[in-house]
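The values are calculated or read from the model by the stated rules, or taken from the named source; none is laboratory data. Computed from a predicted model, the values in this text were never measured in an experiment. Every residue, glycine among them, receives a Cβ derived from its backbone with ideal geometry; neighbour counts consider all protein chains shown. Areas reflect the complete protein model, heavy atoms only, side chains present, ligands, DNA and RNA absent. Shrake-Rupley method; radii C 1.70, N 1.55, O 1.52, S 1.80 Å.
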Amino acid sequence: MNEQNFKNHSQIVYGFYLTTGVPILILIGIAVCHLLAEDGDKNFGWTMLLIGWILLTFLFRSRSFALKAQDRAIRAEENLRYFQLTAKRIDQRITLQQIIALRFASDEEMPALTQRALDENLTNRQIKELIKNWRADCSRV
């Protein structure tokens with residue numbers, strides 16, 4: 001990615017879903033075929049279906065756990081950055097989604113944009129659209 005901005009900042013790791021999600025769906029498909037076949041091994045089918053369900057659940061939960069950990073780190077980093085810029089703590093009314101969007105704002109824009117986000121109850125998308133000097137975050141997955 002050359003330069004990050006509002007149009008290209010979102011990231012989906014297709015390789016993760018292709019190498020994990022597709023095989024899990026194939027496993028579930030095989031299990032269903034065994035369950036539907038008249039002469040199929042029902043125990044095998046139920047076992048594979050259960051394993052597929054567990055793996056599919058694990059796939060999505062592992063992503064959500066990683067994102068929650070990153071969200072906590074972003075909140076801490078942006079709270080520290082705001083304090084360094086203003087010598088004040090960030091207002092506790094600001095939401096996590098607003099903080100996550102504000103991480104893209106330059107140091108010059110962040111304090112005013114934070115106040116505007118609070119005053120106007122801006123969404124994360126609205127905050128990102130208002131940023132003039134984009135601060136890239138290429139570490140988020």
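To the nearest 10 degrees, how steep is helix 42-86 against the longest Cα principal axis of the chain, on a 0 to 90 scale?
Around 10 degrees separate the two axes.
How many Å² of accessible area per residue for the chain, probe 1.4 Å?
69 Å²
Using alpha carbons only, how many degrees (0 to 90, rounded to 10) separate the axis of helix 14-36 from the longest principal axis of the chain?
Once rounded, the angle reads 30 degrees.
Report the calculated FRET efficiency for TYR14 and ASP41 (r = Cβ-Cβ distance, R0 = 41 Å), to the nearest 0.05.
E(calc), rounded to 0.05, equals 0.75.
Could you pull out every one of the aspartates and glutamates with an alpha carbon less than 16 Å from that of LYS132, ignoring same-chain neighbours closer than 8 positions?
Reachable aspartates and glutamates: GLU3, ASP107, GLU108, GLU109.
For the stretch 38-96, what is the Kirkwood estimate of the hydrodynamic radius, computed as the reciprocal of the mean inverse distance between distinct Cα atoms, to one decimal in Å?
Kirkwood radius, the stretch 38-96: 15.2 Å.
Top mean-square fluctuation among GLU120, GLU77, GLU129, Gaussian network model of the chain, C-alpha springs under 10 Å?
Judging by the Gaussian network model, the answer is GLU120.
Once every DSSP H run of n ≥ 4 in the chain is given -39500 (n - 2.57) and the sum is divided by its residues, what mean residue ellipticity at 222 nm do you get, rounded to the nearest 500 deg cm²/dmol?
Values: 5 runs with 93 residues, N = 141.
Taken over the chain, the calculation gives -22500 deg cm²/dmol.
Please report the carbon-and-sulfur percent of the accessible area for the chain; probe 1.4 Å, protein heavy atoms only, DNA, RNA and ligands left out.
Working: 5740 of 9680 Å².
Carbon and sulfur together cover 59 percent of it.
How long are the three semi-axes of the equivalent ellipsoid for the chain, computed from the Cα gyration tensor as the root of 5 times each eigenvalue, in whole Å, largest first? Display every interim value, and only then the final one.
Numbers: eigenvalues 406, 47, 28 Å².
Gyration-tensor ellipsoid for the chain: 45, 15, 12 Å.
Could the peptides 62-70, 25-33 be put in order, highest first, of the mean number of other beta-carbon atoms found within 10 Å of their residues?
25-33, 62-70
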